[in-house]
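Report on one structure; see the data block that follows.
The values are calculated or read from the model by the stated rules, or taken from the named source; none is laboratory data. Computed from a predicted model, the values in this text were never measured in an experiment. Cβ coordinates were reconstructed from backbone atoms using ideal geometry, including for glycine residues, and neighbour counts include every protein chain displayed. Please note that ligands, DNA and RNA were not included when accessible areas were found on the heavy atoms of the full protein model with its side chains. Shrake-Rupley method; radii C 1.70, N 1.55, O 1.52, S 1.80 Å.
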Amino acid sequence: MSNEANRVPNCAPAPNLFAYATSELSQDAFICWLIKWSENASDPELRGLGHRFVNAMMSKWGGPEVKEISKAEVERQNNHIDVLACINDRHVLLIEDKTHTGKKSGNQLNDYRQAVIDGKTPFKIKSEEDLFGIFLKTGNQSLASKREIEKEYPYKVFDRDDFLEVLETYQGDNAIVLDFRQHLTAMKEECQQFHSWEEHKIDNWTWGAWQGLFMELEKQLSDAEWLGWDSVPNPAGGFLGLWWRPNGMPEDCTVKLQLENDKLCFKLDLYDLPNEKKWEWCERITSQSELAVKPGKMGSGKVVTVAVYKDGWIRFDGRGVLDINKTVEVLRSAEKILVKAAKN
């Protein structure tokens, strides 16, 4: 037989189940499946992974660590709760599962918890200390959103990095686990693409990479007040914006900094102020530094741009690749301008 006949054809990458099973219901199913494995000894690697997953979620509340899991009961969409699990007839995990969407509106998260406390679900708790609320989100999420959830609701956030930390301990070959781990890894890797952004290839800057950049800036600017980011709709199609108040601002000051694509704007909230205040703030800010200039057009809404940072805010190194350190220096420079204007 010829060598040509023995040659293996080039193969395409193996398809990933979760490239198609993208809904939150599919993720619910994986979570239920993995928790259920924590009691099943037929595959020690999967049982260990399920056990570590349960303990990782409970550790968000400071424990207790469950040494052995002899029983894991799991319910999906019971009383509209995404995932409800009872471990060893005692500990109840109440899981609100999200991929890319935010928290539910109104008081639903509290209602789910109350349903468990009131005995409306199959799992009865002896003490509220045995109930562990988990807000599990695998999509990108701002620090401000995480803080808001944990401040307003009796839930702890379990994010993609938390999940990957558990999944990366798995040494087995189960295709479902490997696909889900690769799925989350690919999402994380897209977020990191901003590190290789090139100055003249802005069309290649994906939405996920913008979110990754903003998540990095949140860490760098962690001393700021109510820092956060989200999509902002407008007639032109919208943009991903990040906004914050630098540390040291007077409490009654309604000016903030906002990133809008490649623009760094000084924004004024006029809801409780007369309209002419926008001209006063424009002068106050632009008089502090030649780096702060008047906007091309002063808006007429309740939140207006009163100044912009000259030449944008994204900086590149000598190779034309994004320089995160120089970029943060620009943002810190804008903070100093705004704080100085607010105090004068």
Quick check: residue separation of Ala19 and Gln192 times 0.36 nm, minus the Cα distance between them. What number comes out in nm? 60.3 nm
Value of relative contact order over the stretch 187-258, rounded to a whole percent, pairs C-alpha under 8 Å and six or more apart: 22 percent
Counting only protein heavy atoms and using a 1.4 Å probe, what share of the accessible area of the chain belongs to carbon plus sulfur, as a whole percent? 47 percent
Rounded to the nearest 500, what is the chain's calculated 222 nm mean residue ellipticity when only DSSP H runs of at least 4 contribute -39500 (n - 2.57) each, over all residues? -11000 deg cm²/dmol
Gyration tensor (alpha-carbon) shape descriptor, the stretch 115-264, a/c threshold 1.5: oblate
What aspartates and glutamates does Lys263 reach when the alpha-carbon gap must be under 18 Å and sequence neighbours fewer than 8 apart in one chain are set aside? Glu198, Glu199, Asp203, Glu216, Glu218, Asp230, Glu290, Asp311, Asp323, Glu329, Glu335
With labels modelled as points extended 7 Å from the Cα through the Cβ direction, what inter-label distance (nm, one decimal) is found for Asp173 paired with Glu280? 7.3 nm
If you roll a 1.4 Å probe over the heavy atoms of the protein chains, what accessible area per residue do you get for the stretch 135-288, in Å²? 50 Å²
Using Cα springs under 10 Å in a Gaussian network model of the chain, which residue among Glu198, Glu260, Glu290 shows the largest mean-square fluctuation? Glu290
What relative contact order, as a whole-number percentage, does the chain give when Cα pairs under 8 Å and 6 or more residues apart are counted? 11 percent
Sum of side-chain charges, Thr327 neighbourhood, beta-carbon under 14 Å (Lys, Arg +1; Asp, Glu -1): -4
Please work out the FRET efficiency for the pair Lys36 and Phe239, using the Cβ-Cβ distance as r and a Förster radius of 41 Å; give the result to the nearest 0.05. 0.45
Taking Lys and Arg as +1 and Asp and Glu as -1, residues besides Asp223 with C-beta under 12 Å from its C-beta add up to 0
So, over other residues within a Cβ distance under 14 Å of Trp207, counting Lys, Arg +1 and Asp, Glu -1, the net charge is -3
At a Förster radius of 30 Å, what calculated FRET efficiency corresponds to the Cβ-Cβ distance of Trp226 and Glu290, to the nearest 0.05? 0.55
Can you divide the C-alpha Rg of the chain by 2.2 N^0.38 Å and report the result to two decimal places? 1.22
For the chain, longest principal axis from Cα atoms; helix 277-286 axis from its Cα atoms; angle between them, nearest 10 degrees, is 90 degrees
Rounded to the nearest 10, the angle in degrees between the Cα long axis of helix 108-117 and the longest principal axis of the Cα atoms of the chain comes to 30 degrees
Can you tell me the FRET efficiency between Glu165 and Lys201 if r is taken as the Cβ-Cβ distance and R0 is 35 Å, rounded to the nearest 0.05? 0.60
